[in-house]
1. Suppose the filter is in a helix (DSSP H, G or I), out of contact with any Phe, Trp or Tyr (no Cβ under 9 Å at 6 or more places or on another chain) and either within 30 Å of SER123 (Cα to Cα) or open to solvent by 40 Å² or more (accessible area, probe 1.4 Å) (or both); does ILE266 pass it?
2. Considering each of LEU257, LEU196, LEU183 in turn, give the residue that is in contact (Cβ under 8 Å) with a residue 12 or more places away in the chain, over 27 Å from VAL310 (Cα atoms) and not in a helix (DSSP H, G or I).
3. Please indicate, with yes or no, whether at least one residue in region 128-142 is open to solvent by 60 Å² or more (accessible area, probe 1.4 Å), under 20 Å from VAL199 (Cα atoms) and assigned to a helix (DSSP H, G or I).
4. Which of the residues spanning region 282-301 are open to solvent by less than 30 Å² (accessible area, probe 1.4 Å) and assigned to a helix (DSSP H, G or I)?
5. Go over the candidates HIS34, HIS40 one by one and state the one that is over 30 Å from LEU166 (Cβ atoms), touching a strand residue (DSSP E or B) at 6+ places or on another chain (Cβ under 7 Å), at pLDDT below 90 and open to solvent by 100 Å² or more (accessible area, probe 1.4 Å).
6. Please list, ordered by first then second residue, the pairs with beta carbon atoms under 6 Å, 6 or more apart or interchain, first in region 119-144 and closer than 26 Å to GLY47 by Cβ, second open to solvent by 10 Å² or more (accessible area, probe 1.4 Å) and part of a loop (DSSP other than H, G, I, E, B).
7. Which one is nearest to ARG149 (Cα to Cα) among residues in region 302-317 that are open to solvent by 60 Å² or more (accessible area, probe 1.4 Å) and free of Cβ contacts under 8 Å to residues at least 12 places away in the same chain?
8. All but one of (1) within 24 Å of LYS73 (Cβ to Cβ); (2) open to solvent by 10 Å² or more (accessible area, probe 1.4 Å) hold for PRO170; which doesn't?
Amino acid sequence: MAAEQTGQSGPGGPGGALRTAPAQGPRGEQSRIHNIGYRHYDGPRLGRAYARRSLFVQSLRGAYGLGRSARSKVLPMLLFGVMVLPAAIIVAVAVTTDMNKLPVDYRRYAIVLQAVIALFLASQAPQAVSLDLRFKTVPLYFSRPIEHRDYVGAKYAALASALFLLTALPVTVLYVGALLGKLDFADQTKGFLLGLVSVALLSLLFAGIGLVVSAATPRRGFGVAAVIALLTIPFGAVSTVQAIAHESGNADAVPWLGLFSPITLIDGLQSAFLGAPSAFPGAAEPSAAGGAVYLLVVLGVIAGCYGILVRRYRKAGL
């Protein structure tokens, strides 16, 4: 095919267009090839902050099935409803019967419904990270501009925020119901704020544990089973040993045993610092020194989970 250089520029000319002479195709059609040349992008470059924010929003939406298939929305929305429904029932009873006190403390609500939280975490933590490992998409995230800490921070913050929404909304419903029931404003506000602190710590702790376990395997099913096992088995074992220690007259050991389970960690911490009623056998509470140990362990586990995740994804991005 003979090509002719037009007055408009091509790669070697001033305007960037190379046009061929008309040519006859096999059926007599005329064809032309236009080369418009390389166009340099002059728009805004949004950088790492935008990438982190986008990954956070996408992961948070994904935790509740938003932006995913209808089937993916069923379980998280169902669990969300199960978390809120008891609070709504308590509010209805409190308002209609003129209760002078809520039957469930703000700081105890999440502990009472720990099984629902465990199911939500087990279903959504693997969804957040395991699929990226399974389908080898992690290196695409790390191509640029996002880095390993950005990925881990966005995923951690998204799952912790999803757990906080799951646990804070029922507490908010209880608070609104208490105000509608004309309970003491100052007492209810104080309890509500302490309850929010409690579920925030629980969300950070559980999100870290769930992500570390889920990031250890690209198989989502293994991650689900491992998260459930890690939350339920230690709790059952610790509760049993605490009951034995209490019945055998070793009541001083009961609070210390609570350090070995995620649920009892939160229970002991809020008993020591947030004034929550203890669920330990004999209503045992950590001493001042024990409370400090609880706080250090919770903060250490949260920081340790973040560090393990950064190390894990530094290797996964190679």
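1. Working: in a helix (DSSP H, G or I): yes; out of contact with any Phe, Trp or Tyr (no Cβ under 9 Å at 6 or more places or on another chain): no; either within 30 Å of SER123 (Cα to Cα) or open to solvent by 40 Å² or more (accessible area, probe 1.4 Å) (or both): yes.
Spelling it out, it is not the case that ILE266 is in a helix (DSSP H, G or I), out of contact with any Phe, Trp or Tyr (no Cβ under 9 Å at 6 or more places or on another chain) and either within 30 Å of SER123 (Cα to Cα) or open to solvent by 40 Å² or more (accessible area, probe 1.4 Å) (or both).
2. On the way: LEU257 fails: not in a helix (DSSP H, G or I); LEU196 fails: not in a helix (DSSP H, G or I).
Exactly one of LEU257, LEU196, LEU183 is in contact (Cβ under 8 Å) with a residue 12 or more places away in the chain, over 27 Å from VAL310 (Cα atoms) and not in a helix (DSSP H, G or I), namely LEU183.
3. No.
4. GLY290, GLY291, TYR294, VAL298 - these are the residues of region 282-301 that are open to solvent by less than 30 Å² (accessible area, probe 1.4 Å) and assigned to a helix (DSSP H, G or I).
5. Values: HIS40 fails: touching a strand residue (DSSP E or B) at 6+ places or on another chain (Cβ under 7 Å).
Selected residue: HIS34, the only one of HIS34, HIS40 that is over 30 Å from LEU166 (Cβ atoms), touching a strand residue (DSSP E or B) at 6+ places or on another chain (Cβ under 7 Å), at pLDDT below 90 and open to solvent by 100 Å² or more (accessible area, probe 1.4 Å).
6. LEU133/PRO218; VAL138/GLY317; PRO139/GLY317; PHE142/GLY317
7. Residues of region 302-317 that are open to solvent by 60 Å² or more (accessible area, probe 1.4 Å), as a first pass: 303, 306, 308, 311-312, 314-315.
Right, trim to free of Cβ contacts under 8 Å to residues at least 12 places away in the same chain and you get 303, 311, 315.
Values: ALA303: 13, ARG311: 9, LYS315: 12 Å.
That would be ARG311.
8. Result: PRO170 passes all but (2).
The values are calculated or read from the model by the stated rules, or taken from the named source; none is laboratory data. Quick caveat, the model's predicted, so the values are computed rather than measured. Here Cβ is always computed from backbone atoms with ideal geometry, including for glycine, and neighbour counts include all displayed protein chains. With ligands, DNA and RNA removed, areas are computed over all heavy atoms of the protein, side chains included. Shrake-Rupley method; radii C 1.70, N 1.55, O 1.52, S 1.80 Å.
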